[in-house]
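Step one of this worksheet: look at the structure below.
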Amino acid sequence: MNRTRVVVIGAGVVGAACARELSLAGFDVLVVDRGRPAGGTTSHGEGNLLVSDKGPGAELRLAQLSARLWPEIAAELGDGCEFDPKGGIVVATTEAGAGALTAFAAAQAAAGVRVEPLSTVDVFAAEPALTRAVTAAVRYPEDAQVQPAGATLALLGSALAHGARLRTDTEVTGAVVRGGRITGVRVPGEVFEADVVVNAAGPWAGEVSARLGAPIAVRPRRGEVLVTTPMPGVVRHKVYDADYVGAVGSGDGELQTSAVVESTRGGTVLIGSSRRRVGFADALLPSVLSAIAAKALRLFPSLADAAVMRAYGGFRPYLDDHLPVLGEDPRLAGLWHATGHEGAGIGLSVGTARLLRELLTGSSPSMPVEEFTVDRPAVVA
């Protein structure tokens, strides 16, 4: 049995998935979080598992790996994940948008994504409440959804069942370094010794990495979501405007909104999305929520009568090149980073964790990882 001591910093979905994979491989795993499991970014997301919003490249390959893993992992973890392989539908409402969507879908299909162009008859049969101003629509059967906090707790529970330990309300304040190698992390009044430290602190990974002596340029990018009272059957898939893909890939720090509408298993409708860089300012702004609602009404006019019961916002770990960072830090041996997934962390978590396990055990990785390395310009602070 491999009893390499690993400290995973962060008990969000990425940290929980990494802890599970490493525990299954026999590592001696301690998960440390400054708050509670799923208490940060993870609990402020929609639970999307998407291939539909990613163009050909490394991130799409990671999404495809994760899409293969999620069904089997969710089956092992049980109903707490609320895994729902409902598929996604992307729609355009202008002629220019139709051309861009068709070209994007063709490039994805060439990269192995299952895409199904829909006629107007088919799209309105799939989503009867959708606006009739649709100029093109594509269904992505591989898109799915989980309940993010539930999935994280299930992943973490599996890790604990395989020997991992958890320390909550424990903030990492620094590193213990010997001979250019990290050998532990400092917390108030204590040191946790480790052979490997995994920085999976999400949007706080930049701050954590600086405390450990090897800063990376992860910054927070804020997003908000509206939640309606239950409306069973009104929205049947994850449906979003083709503009969403451009918003995901943009580096603009100003407010961007696009229509993203989907239902949960309980019947509530989640309405997004927004992206803006405001540091860790956590105020919910009525102007942002209004902009999100306006975009959603263009897709589903019947939502004008919906009752919004709450709104929430959260921070996503952002890097300028829009790729996750996964690998050992060349400046400090033994320090690994697994972060930078921005709004895709729920979906990409299990693929990231599988690759981390393979890299740490010396196995051949399930996909190339060179584009995720730490020593690229967007990462090294």
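Once the cut-off is 22 Å, how many percent of the Cα-Cα pairs in region 280-381 end up in the long-distance tail? Roughly 50 percent, once rounded to a whole number. In the chain, helices alone account for a calculated mean residue ellipticity at 222 nm of -9500 deg cm²/dmol, with every DSSP H run of four or more residues adding -39,500 (n - 2.57). As a length-normalised measure over Cα pairs under 8 Å and 6 or more apart, the relative contact order of region 1-109 settles at 20 percent. Farthest towards the positive end of the charge dipole of the chain, among the residues THR170, VAL239, VAL350, is the Cα of THR170, using unit charges on the Cβ of Lys, Arg, Asp and Glu. Taking 0.692 mPa s as the viscosity and 37 °C as the temperature, the Stokes-Einstein diffusion coefficient of region 332-381 based on its alpha-carbon Kirkwood radius rounds to 273 µm²/s. Taking every alpha-carbon pair under 8 Å whose residues sit at least 6 apart, the chain reaches a relative contact order of 23 percent. Residues LEU299, LEU153 ordered from highest to lowest accessible area at a 1.4 Å probe: LEU153, LEU299. Stokes-Einstein diffusion of the chain at 25 °C, 0.890 mPa s viscosity, Kirkwood radius from Cα pairs, rounded to a whole number: 117 µm²/s.
Taking every protein chain into account, the accessible area of region 52-145 amounts to 41 square angstrom per residue (probe 1.4 Å).
Amide H contacts under 5 Å for THR339: VAL325, restricted to partners 5 or more places along the chain or on a different chain, H placed in the peptide plane at 1.01 Å from N.
Taking N as the number of residues in region 67-125, what is its Cα Rg relative to 2.2 N^0.38 Å?
1.48
If you average over every viewing direction, what projected area does the convex hull of the Cα atoms of region 162-224 give, in nm²? Orientation-averaged projected area of the Cα hull: 5.8 nm².
Computed over region 1-53, relative contact order equals 40 percent, with contacts defined as Cα pairs under 8 Å that lie 6+ residues apart. Summing charges over neighbours of LEU355, with a neighbour being any other residue whose Cβ is under 14 Å away from its Cβ, gives -1 when K and R count +1 and D and E count -1.
Heavy-atom accessible area for SER23, with the other protein chains in place and a 1.4 Å probe, reaches approximately 10 Å².
Karplus-based coupling profile of region 199-214, in residue order and whole Hz: 8, 10, 8, x, x, 8, 5, x, 5, 5, 4, 5, 5, 7, x, 9, with θ = phi - 60° in 6.51 cos²θ - 1.76 cosθ + 1.60 and x standing for Gly or Pro.
Taking the square roots of five times each eigenvalue of the Cα gyration tensor of region 29-181, the equivalent ellipsoid has semi-axes of 38, 18, 15 Å, listed largest first. Measuring nothing but alpha carbons in region 1-119 and taking Rh as the Kirkwood radius, the Rg to Rh ratio lands at 1.07. Tell me, how many Å apart are the Cα centres for region 196-231 and for region 143-160? So the two Cα centres are separated by 18 Å. log₁₀ I(q)/I(0) of region 22-61 at q = 0.29, 0.30, 0.33 Å⁻¹, via Debye over equal Cα point scatterers, no solvent, to two decimals? Cα-only, vacuum Debye calculation for region 22-61: -0.90, -0.92, -1.03. Under 5 Å from the amide H of ALA333 lie the amide H atoms of ILE182, each residue being 5 or more positions distant or on a separate chain, with H modelled from the backbone and absent for Pro and chain starts. Here the Gaussian network model covers the chain, with springs between Cα atoms less than 10 Å apart; of VAL239, VAL269, VAL123, VAL123 fluctuates the most. Each of the trypsin sites (Lys or Arg not before Pro) that DSSP puts in a loop and that has at most 12 other Cβ atoms within 10 Å breaks the chain; the longest unbroken stretch is 133-381. Computed with every protein chain present, the accessible area of MET231 is close to 40 Å² [probe 1.4 Å].
Taking amide hydrogens as placed 1.01 Å from N in the peptide plane, the amide H of ALA175 sits under 5 Å from those of ARG186, each at least 5 positions away in sequence or on another chain. Note on the chain: with a GNM built from Cα contacts shorter than 10 Å, the maximum mean-square fluctuation among GLY340, GLY40, GLY362 falls on GLY362.
Leaving ligands and nucleic acids out of the surface, order THR373, THR102 by accessible area at 1.4 Å, largest first.
Putting THR373, THR102 in descending order of accessible area: THR102, THR373.
When the Gaussian network model of the chain links Cα atoms closer than 10 Å, the mean-square fluctuations of ILE89, ILE182, ILE346 top out at ILE182. By the rule of a C-alpha distance below 18 Å, with chain neighbours fewer than 8 residues away ignored, the aspartates and glutamates paired with LYS295 are GLU46, ASP53, GLU95, GLU127, GLU224, ASP241, ASP243, GLU254, GLU262, ASP305.
The values are calculated or read from the model by the stated rules, or taken from the named source; none is laboratory data. Keep in mind that this is a model prediction, so the values were computed, not measured. As a convention, Cβ positions derive from the backbone with ideal geometry for all residues, glycine included, and neighbour counts pool all protein chains shown. Surface areas here come from the heavy atoms of the whole protein model, side chains and all, with no ligands, DNA or RNA. Shrake-Rupley method; radii C 1.70, N 1.55, O 1.52, S 1.80 Å.
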